[in-house]
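Q: Below are the structure tokens for one structure; questions will follow.
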């Protein structure tokens with residue numbers, strides 16, 4: 001089987017284990033079905049996910065010009081505390097920003113290796129947790145806009161990490177943490193305007209299982225720009241990573257906008 005097209009982040013369906021899909025213009029690959037089989041990946045060029053021009057990718061799958069102009073790449077994406085749509089103030093496109101920012105957001109605890117705090121739109125639960133390779137996750141608060149979620153994350157980052165150790169995550173070195181107990185310690189740390197949302201958010205532990213036949217002992221990250229061809233046996237999928245038998249891993253999301261040919 002052969003697939004060709006522009007890489008975008010793998011689509012997922014919740015299940016036991018999670019189901020992964022690579023979606024291309026002319027079809028899709030259920031990546032789970034490739035487990036235990038040889039996969040060849042050939043890098044062929046670039047295509048911006050916004051303008052579709054064959055220009056070098058700068059960040060997030062976008063070329064330089066698009067990254068610094070389109071609303072979906074504004075600074076508030078990575079730093080939600082910078083959101084201003086609730087004030088009626090535009091960053092790049094107020095209508096787009098209202099649609100994305102003025103909707104329920106969840107601030108959560110997750111365990112991918114150690115515990116971390118994070119933010120996601122409610123509609124992206126549990127997709128966001130899956131994309132980060134979390135084994136366990138629990139909401140802290142659900143708030144009505146991105147700004148409130150952002151200032152909550154900022155307050156909690158003074159006490160908890162907002163990063164994951166991606167290598168330990170891929171090696172399945174998950175710390176044994178009681179997320180419910182840690183959540184109960186958080187109320188005094190929340191911004192005053194967010195505290196009323198704490199008790200209205202269900203204390204529900206989410207468990208996620210991934211399709212992995214073999215976890216790597218040593219890890220080598222595949223760089224498609226410097227290694228345009230790679231072949232190896234696929235033994236796992238976790239987060240947005242493909243895991244191969246020789247310890248090579250590919251972060252698919254890091255190569256959005258790269259045109260590839262994949263042969264199974």
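Q: How large is Rg over Rh for the stretch 123-173, taking Rg from the Cα atoms and Rh as the Kirkwood inverse mean of 1/r across Cα pairs? Before the final figure, lay out each step's value.
A: Working: Rg = 12.5 Å, Rh = 12.6 Å.
Result: Rg/Rh = 0.99.
Q: Now for a separate question. Just to confirm my numbers, what's the Cα centroid distance between the stretch 22-75 and the stretch 213-237 in Å?
A: The stretch 22-75 and the stretch 213-237 have Cα centres spaced 18 Å from each other.
Q: Report, largest value first, the span of the C-alpha coordinates of the stretch 103-207 along each principal axis, in whole Å.
A: Projected onto the principal axes, the Cα atoms of the stretch 103-207 cover 39, 26, 22 Å.
Q: Compute for the stretch 65-108: radius of gyration divided by Kirkwood radius, i.e. Rg/Rh, restricted to C-alpha atoms, rounded to two decimals. The partial results should precede the final answer.
A: Numbers: Rg = 10.3 Å, Rh = 10.8 Å.
In the stretch 65-108, Rg relative to Rh is 0.96.
Q: Let me ask another. For the chain, what is the calculated [θ] at 222 nm in deg cm²/dmol (nearest 500), taking -39500 (n - 2.57) for each run of four or more DSSP H residues and dividing by its residue count? Mind dumping the intermediate values first?
A: Details: 7 runs with 44 residues, N = 264.
Value at 222 nm, helices only: -4000 deg cm²/dmol.
Q: Still on this model: Where does each of 213-222, 236-245 land if you order them by average Cβ count within 10 Å, highest first?
A: Working: 213-222: 13.9, 236-245: 23.5.
Final packing ranking: 236-245, 213-222.
Q: Any chance you could get the radius of gyration and Dmax over the Cα atoms of the stretch 41-123, in Å?
A: Spelled out, the Cα radius of gyration and Dmax of the stretch 41-123 are 15.8, 47 Å.
Q: Kindly work out what percent of the DSSP beta bridges joining two residues of the chain are antiparallel, to the nearest 5.
A: 95
Q: Here's another thing I want to ask about it. In nm, to one decimal, how far is the modelled label at residue 227 from the one at residue 90, with both set 7 Å along Cα→Cβ?
A: Distance between label points: 4.5 nm.
Q: Another one. To the nearest 10 degrees, how steep is helix 146-157 against the longest Cα principal axis of the chain, on a 0 to 90 scale?
A: That helix lies at roughly 90 degrees to the long axis.
Q: For the chain, place one equal point scatterer on every Cα, skip the solvent, and apply the Debye formula. What is log10 of I(q)/I(0) at q = 0.11, 0.16 Å⁻¹?
A: Debye output, listed in q order: -0.67, -1.27.
Readers should treat all values here as calculations from the given coordinates under stated rules, not as data from a laboratory. In this text, all values refer to a predicted model and were calculated from it rather than measured experimentally. Here Cβ is always computed from backbone atoms with ideal geometry, including for glycine, and neighbour counts include all displayed protein chains.
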